[in-house]
2 protein chains.
Amino acid sequence: MTAMTREQCLALDQEDPLRRLRDQFALPQGVIYLDGNSLGARPRSAAARAAEVVSEEWGTGLIRSWNTAGWFELPQRLGNMLAPLIGAGEDEVVVTDTTSSNLFKVLAAALRVQQTRDPKRKVIVSEASNFPTDLYIAQGLADLLQQGYSLRLVNAPEEIDAAVDADTAVLMLTHVNYKTGEMLDMASVTEMAHARGALTVWDLAHSAGAVPVALKASGADYAVGCTYKYLNGGPGSPAFLWVAPSLRDAFWQPLSGWWGHAAPFAMEPGYRPREGVARFLCGTQPIASLAMVECGLDIYAQTDMAVLRAKSLMLTDLFIALVETRCAAHPLELVTPRAHARRGSHVSFAHPDGFAVVQALIERGVIGDYREPRIARFGFTPLYTSFTEVWDAVEILRDVLDSGTYKAERHQTRGLVT
Amino acid sequence: MTAMTREQCLALDQEDPLRRLRDQFALPQGVIYLDGNSLGARPRSAAARAAEVVSEEWGTGLIRSWNTAGWFELPQRLGNMLAPLIGAGEDEVVVTDTTSSNLFKVLAAALRVQQTRDPKRKVIVSEASNFPTDLYIAQGLADLLQQGYSLRLVNAPEEIDAAVDADTAVLMLTHVNYKTGEMLDMASVTEMAHARGALTVWDLAHSAGAVPVALKASGADYAVGCTYKYLNGGPGSPAFLWVAPSLRDAFWQPLSGWWGHAAPFAMEPGYRPREGVARFLCGTQPIASLAMVECGLDIYAQTDMAVLRAKSLMLTDLFIALVETRCAAHPLELVTPRAHARRGSHVSFAHPDGFAVVQALIERGVIGDYREPRIARFGFTPLYTSFTEVWDAVEILRDVLDSGTYKAERHQTRGLVT
């Protein structure tokens with residue numbers, strides 16, 4: 001599929017079954033936003049929801065709102081809304097804390113399971129190109145545990161298979177790589193890990209709401225992810241966490257705070273975990289930020305991941321084709337896999353002056369982002385990105401590259417976030 | 001000081017130097033709110049701030065707001081605003097994560113320091129009546145570490161001294177007890193702990209903004225606390241964390257996420273901590289909830305803790321005197337210390353039907369809360385509680401008790417939060 005004129009892109013937008021959902025987002029004028037994989041756009045309804053939480057639930061309801069406004073149930077209620085997007089079941093997901101904290105919980109839980117099953121397994125296998133905070137958390141946990149726990153990093157997805165051995169406790173992977181946009185085959189990787197006695201932990205930060213995910217069908221063990229990227233929950237909105245039902249009731253995690261207690265208001269001095277996924281909860285959640293997660297999920301409830309995936313692939317195919325034809329004179333190298341089965345919903349091109357090119361694009365209103373080294377990254381969020389925007393973004397990219405003005409930009413490592 | 005008529009209370013309100021600050025809060029009609037120690041009231045400015053974050057910073061600024069709206073600096077900027085209230089210095093406090101997570105970080109850090117200094121120290125000493133989540137977190141950490149780490153709980157403050165011995169790694173205490181309102185002497189307890197080689201971790205949940213706290217002057221080692229109680233940051237607003245400068249640069253903590261990395265945007269696979277207190281940061285914070293913390297701190301910047309403490313003691317003295325005189329016919333027993341030096345800013349009375357009495361009060365618009373067993377708890381927040389409200393609350397309490405209607409209320413353990 002390659003539309004080679006702007007008119008053809010306009011026609012694709014006219015036929016787009018998701019077109020009406022774009023109107024539910026408040027997108028700023030003069031901007032082509034290709035960074036929804038870093039911070040999703042704002043659902044229009046979020047403004048009213050925030051006002052309701054602040055003025056009514058907090059201001060008027062005060063402490064009573066823990067019950068009357070349903071604050072206490074929010075992590076599970078939102079988890080149930082999110083579950084269908086990632087192939088999880090009812091009462092299997094909670095929205096809480098940060099992705100980093102949740103990863104710490106599930107890694108600790110997985111290592112504890114292995115300590116029971118096969119105590120010699122003390123290695124966490126991951127990719128060196130995994131999102132750095134995931135690696136930092138695994139390092140922090142291994143350092144805390146001491147007793148020989150360690151991290152083993154491979155340099156490419158092809159090396160994962162050889163790295164999982166009889167010492168491996170956990171295979172910790174990000175489903176869609178934040179930098180390259182490469183998607184792993186969750187089912188086959190999980191099958192390989194299980195065959196060798198390892199458990200799997202999946203980070204769905206760049207998958208949830210972007211590509212169909214089948215956690216249960218894939219046999220995965222644990223997953224964490226983010227609600228502020230494709231799910232449009234708002235800046236820093238709380239993350240989510242899933243665990244396979246078969247592992248859940250054996251679940252132990254060290255961040256054992258009051259919200260995960262079996263009797264949270266009995267104020268017992270000893271910890272007893274709640275039944276089910278709620279035992280993953282820890283401390284008091286930021287209600288205003290948490291409540292707005294619902295606004296993004298409400299929009300997802302109006303479509304399904306198959307429709308979204310179809311449009312996502314059309315958008316990324318179009319972007320790749322247009323860049324490779326209309327910007328062919330410039331040294332842009334596609335980093336993201338061409339094969340649909342291995343591609344998420346963002347596309348990365350390497351360019352020798354990647355940082356400067358991205359800065360020049362942002363000044364022209366095309367917001368993508370830069371990732372070390374040399375990578376210009378563009379996210380395509382099928383809920384609100386139009387085909388015409390893809391066309392216009394590539395034309396601006398071409399103009400920036402042809403003009404050479406980006407070369408005046410100074411390289412800085414300080415950039416924008418994930 | 002005992003005002004024995006409503007007219008005298010009105011006069012005290014007229015003379016109150018904090019009177020004008022009450023107008024900066026949006027308090028609901030028909031409610032006497034004595035639960036600001038659980039969830040603080042809403043600053044009027046919070047509605048506009050939330051709208052700004054959601055509509056402008058998120059909606060229009062999108063990913064650019066990490067830099068242009070100062071999101072990246074928020075944890076430290078708010079920490080600097082909070083620091084004077086707790087006797088901490090510039091660049092010593094961050095506002096981030098939950099109290100539970102922060103406690104996990106500082107406990108792990110303290111145990112690591114002790115592992116270097118004196119590895120046989122593996123006991124965390126605390127009070128059985130400490131806020132339960134603090135105990136749960138300590139249990140979770142000890143369970144995670146294994147290797148003989150354990151928790152030792154005492155049943156009364158008088159037993160703390162005898163419990164701190166040559167095996168003690170950390171003395172973990174809440175400065176003002178959530179249930180009794182008893183305040184510990186931070187300086188003398190810390191001095192005792194240090195003389196025996198133990199480090200101190202202080203939970204300031206019921207202290208910050210309620211009583212003067214002198215962390216540095218007391219020689220304390222670590223502190224965590226809450227911004228959604230007296231500090232009026234909003235429901236579940238992120239917590240804070242302080243560490244003594246002498247321990248900070250040796251600081252290691254296992255929740256090592258991207259925001260605490262020395263070069264958070266360089267995307268290095270290996271963790272390197274940032275300089276200073278920012279190494280306590282972990283994952284991406286809930287910006288809407290975090291930003292509103294500033295609204296409460298803005299009000300504190302207009303007064304000081306000495307003025308607030310003077311009014312707090314007048315309010316709690318008045319409440320105790322009125323309850324003990326006007327409700328003398330009823331079996332109410334003061335739980336909170338009478339001595340000013342040992343009293344925080346809330347007052348608890350035990351009553352055989354405590355739960356039912358509190359429910360009946362809430363139905364009459366007097367919002368306090370109930371804590372197991374039998375305790376009716378009333379918070380007095382000098383920024384907005386008036387002397388006349390204290391009078392009126394006691395009159396309603398007397399009426400409830402005299403009428404006996406509360407006895408129809410059924411006891412339930414499900415209650416309101418912290």
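The values are calculated or read from the model by the stated rules, or taken from the named source; none is laboratory data. Treat the numbers as computed from the prediction; the structure is a model and nothing was measured. Virtual Cβ from ideal backbone geometry, glycine too; neighbours counted across all protein chains shown. Calculation scope for accessible area: heavy atoms of the full protein, side chains included, ligands and nucleic acids excluded. Shrake-Rupley method; radii C 1.70, N 1.55, O 1.52, S 1.80 Å.
Under a GNM of chain B (C-alpha, springs under 10 Å), which listed residue has the highest mean-square fluctuation: B:Gln146, B:Gln76, B:Gln115?
Of the options given, B:Gln146 has the highest mean-square fluctuation.
Which loop trypsin sites (Lys or Arg not before Pro) in the range A:242-348, with loop taken from DSSP, have no more than 11 other Cβ atoms within 10 angstrom of their Cβ?
Details: sites: A:Arg248, A:Arg274, A:Arg279, A:Arg309, A:Lys311, A:Arg326, A:Arg338, A:Arg342, A:Arg343; in loops: A:Arg274, A:Arg338.
In loop regions of the range A:242-348 (DSSP not H, G, I, E or B), the sparsely surrounded trypsin sites (Lys or Arg not before Pro) are A:Arg338.
Over the range B:72-301, with every protein chain in place, what whole percent of the accessible area is carbon and sulfur at 1.4 Å, could you tell me?
Numbers: 3030 of 5830 Å².
Accessible surface attributable to carbon and sulfur in the range B:72-301 totals 52 percent.
Once the label point is set 7 Å along the Cα-to-beta-carbon vector, what list of distances in nm do you get between A:Glu15 and its counterparts in the other copies?
Shortest to longest, the spacings are 8.2 nm.
Kindly provide log₁₀ I(q)/I(0) values, in the same order as q = 0.18, 0.32 Å⁻¹, from the Debye equation applied to equal alpha-carbon scatterers of the range A:308-355.
-0.55, -1.26
As a test of the formula, what do you get for chain B when each DSSP H run with n ≥ 4 contributes -39,500 (n - 2.57) and the sum is divided by the residue count, at 222 nm and rounded to the nearest 500 deg cm²/dmol? Mind dumping the intermediate values first?
Values: 14 runs with 148 residues, N = 418.
Mean residue ellipticity, 222 nm, calculated: -10500 deg cm²/dmol.
Please find the FRET efficiency linking A:Thr5 to A:Glu158, where r is the Cβ-Cβ separation and R0 is fixed at 51 Å, and quote it to the nearest 0.05. The partial results should precede the final answer.
Numbers: r = 39 Å, r/R0 = 0.76.
It comes to 0.85.
With every protein chain left in place, what is the accessible area of B:Cys226 in Å² (1.4 Å probe, nearest 10)?
Accessible surface of B:Cys226 is approximately 0 Å².
Please return the longest stretch of chain B lacking exposed loop sites, where GluC sites (Glu not before Pro) count only if DSSP places them in a loop and at most 14 other Cβ atoms lie within 10 Å. Don't skip to the answer; put the middle values down first.
Working: sites that count: B:Glu90, B:Glu275.
Free of exposed loop sites, the longest segment is B:91-274.
Provide the percentage of antiparallel DSSP beta bridges, counting only those with both residues in the range B:72-301; round to the nearest 5. Before the final figure, lay out each step's value.
On the way: 9 of 25 bridges.
Of all bridge pairs located within the range B:72-301, approximately 35 percent are antiparallel.
Greater than 21 Å separation of Cα atoms is the criterion. Which listed pairs, A:Lys179/A:Lys229; A:Lys179/B:Lys105; A:Lys120/B:Lys105, meet it? Don't skip to the end; give the middle numbers.
Details: A:Lys179/A:Lys229 14 Å; A:Lys179/B:Lys105 29 Å; A:Lys120/B:Lys105 27 Å.
Violating the 21 Å limit, Cα to Cα: A:Lys179/B:Lys105; A:Lys120/B:Lys105.
Using only Cα atoms, tell me the angle between helix B:287-300 and the longest principal axis of chain B; keep it within 0 to 90° and round to the nearest 10.
60 degrees
Using the Kirkwood formula on the Cα atoms of the protein assembly as shown, what hydrodynamic radius do you get, in angstrom to one decimal?
On the way: mean 1/r = 0.0361 Å⁻¹.
In the protein assembly as shown this quantity evaluates to 27.7 Å.
Please find the FRET efficiency linking A:Asp298 to A:Ala195, where r is the Cβ-Cβ separation and R0 is fixed at 35 Å, and quote it to the nearest 0.05.
Details: r = 40 Å, r/R0 = 1.15.
Computed FRET efficiency for A:Asp298 and A:Ala195: 0.30.
Taking Cα atoms, how many degrees apart are the long axis of helix A:6-15 and the longest axis of chain A, rounded to 10 and kept between 0 and 90?
Value to nearest ten degrees: 40.
Taking a point 7 Å out from Cα toward Cβ as the label site, list the nm distances between B:Thr68 and the same residue in every other copy, smallest first.
Between copies, matching label points for B:Thr68 lie 4.0 nm apart.
Report the trypsin sites (Lys or Arg not before Pro) located in the range A:69-154 that are in a DSSP loop and have at most 16 other Cβ atoms inside 10 Å of their Cβ, or state none. Write out the running numbers ahead of the final one.
Working: sites: A:Arg77, A:Lys105, A:Arg112, A:Arg117, A:Lys120, A:Arg121, A:Lys122, A:Arg152; in loops: A:Lys120, A:Arg121, A:Lys122.
Listed in order of number, the matching sites are A:Lys120.
Below 8 Å between Cα atoms, with a sequence gap of 6+, how large is the relative contact order for chain A in percent? Don't jump to the answer; show the numbers that get you there.
Values: 791 pairs, mean separation 91.9, N = 418.
This gives 22 percent for chain A.
Counting residues in the range B:238-317 as N, plug N into 2.2 N^0.38 Å and put the Cα Rg over that result. It would help to have the intermediate numbers written out before the result.
Numbers: Rg = 17.7 Å, N = 80, 2.2 N^0.38 = 11.6 Å.
Taking the Cα Rg and dividing by 2.2 N^0.38 Å, one obtains 1.52.
I need the inter-copy label distances for B:Asp392: point set 7 Å along Cα to C-beta, values in nm with one decimal, smallest first.
Relative to the other copies, B:Asp392 has label-point distances of 5.6 nm.
With a probe of 1.4 Å, find how much accessible area the protein assembly as shown has per residue, and write the answer as a whole number in Å². Provide the component values of the computation, followed by the final result.
Details: 26360 Å² over 836 residues.
Value returned for the protein assembly as shown: 32 Å² of accessible area per residue.
Rounded to the nearest 10 Å², what accessible area does A:Ser312 show when all protein chains are kept and the probe is 1.4 Å?
Its heavy atoms expose roughly 0 Å² to the probe.
Counting residues in chain A as N, plug N into 2.2 N^0.38 Å and put the Cα Rg over that result.
Values: Rg = 21.9 Å, N = 418, 2.2 N^0.38 = 21.8 Å.
Chain A yields a ratio of 1.01.
Quick one: work out the % antiparallel among DSSP beta bridges in the protein assembly as shown, nearest 5. Show your work: numbers first, answer last.
Numbers: 44 of 80 bridges.
Rounded to the nearest five, the antiparallel share is 55 percent.
At what distance in angstrom do the alpha carbon centres of the range B:296-338 and the range B:88-147 lie from each other?
31 Å
For the range B:231-265 and the range A:179-214, what is the separation of their Cα centres, given in Å?
31 Å
Please report the buried accessible area for the interface of B with A, total over both chains, probe 1.4 Å, in Å² to the nearest 100. Don't skip to the answer; put the middle values down first.
Details: alone 17040 and 17000 Å², together 26360 Å².
In total, chains B and A hide about 7700 Å² from solvent.
Only Lys, Arg, Asp and Glu count, each charged at its Cβ (+1, +1, -1, -1), so figure out the dipole size of the protein assembly as shown about its Cα centre, rounded to 20 debye. Write down the numbers at each step before the final one.
Details: 76 positive and 94 negative charges, 129 e Å.
Using Cβ point charges on Lys, Arg, Asp and Glu, the protein assembly as shown gives about 620 debye.
For the range B:1-156, what class follows from the C-alpha gyration tensor (a ≥ b ≥ c being the square roots of its eigenvalues): rounded when a/c is under 1.5, otherwise prolate if a/b is larger than b/c, else oblate?
Working: a/c = 2.55, a/b = 1.33, b/c = 1.92.
It comes out oblate by the Cα gyration axes.
Take the alpha carbon gyration tensor of the range A:72-301, find the square roots of its eigenvalues, order them as a ≥ b ≥ c, and report rounded if a/c is under 1.5; if not, report prolate when a/b exceeds b/c, else oblate. It would help to have the intermediate numbers written out before the result.
Details: a/c = 1.75, a/b = 1.20, b/c = 1.45.
Oblate is the answer for the range A:72-301, as a/c is 1.5 or above yet b/c matches or exceeds a/b.
Based on the alpha-carbon gyration tensor of the range B:154-280 and its eigenvalue square roots a ≥ b ≥ c, which shape applies: rounded if a/c is under 1.5, prolate if not and a/b is larger than b/c, or oblate?
Numbers: a/c = 2.46, a/b = 1.43, b/c = 1.72.
Cα axes put the range B:154-280 in the oblate bin.
For chain A, modelled as a Gaussian network with Cα springs under 10 Å, which listed residue fluctuates most, A:Leu318, A:Leu145, A:Leu397?
For chain A, modelled as a Gaussian network with Cα springs under 10 Å, the answer is A:Leu145.
Which residue, A:Gly36, A:Gly219, A:Gly344, tops the fluctuation ranking in a GNM of chain A built on C-alpha contacts under 10 Å?
A:Gly219
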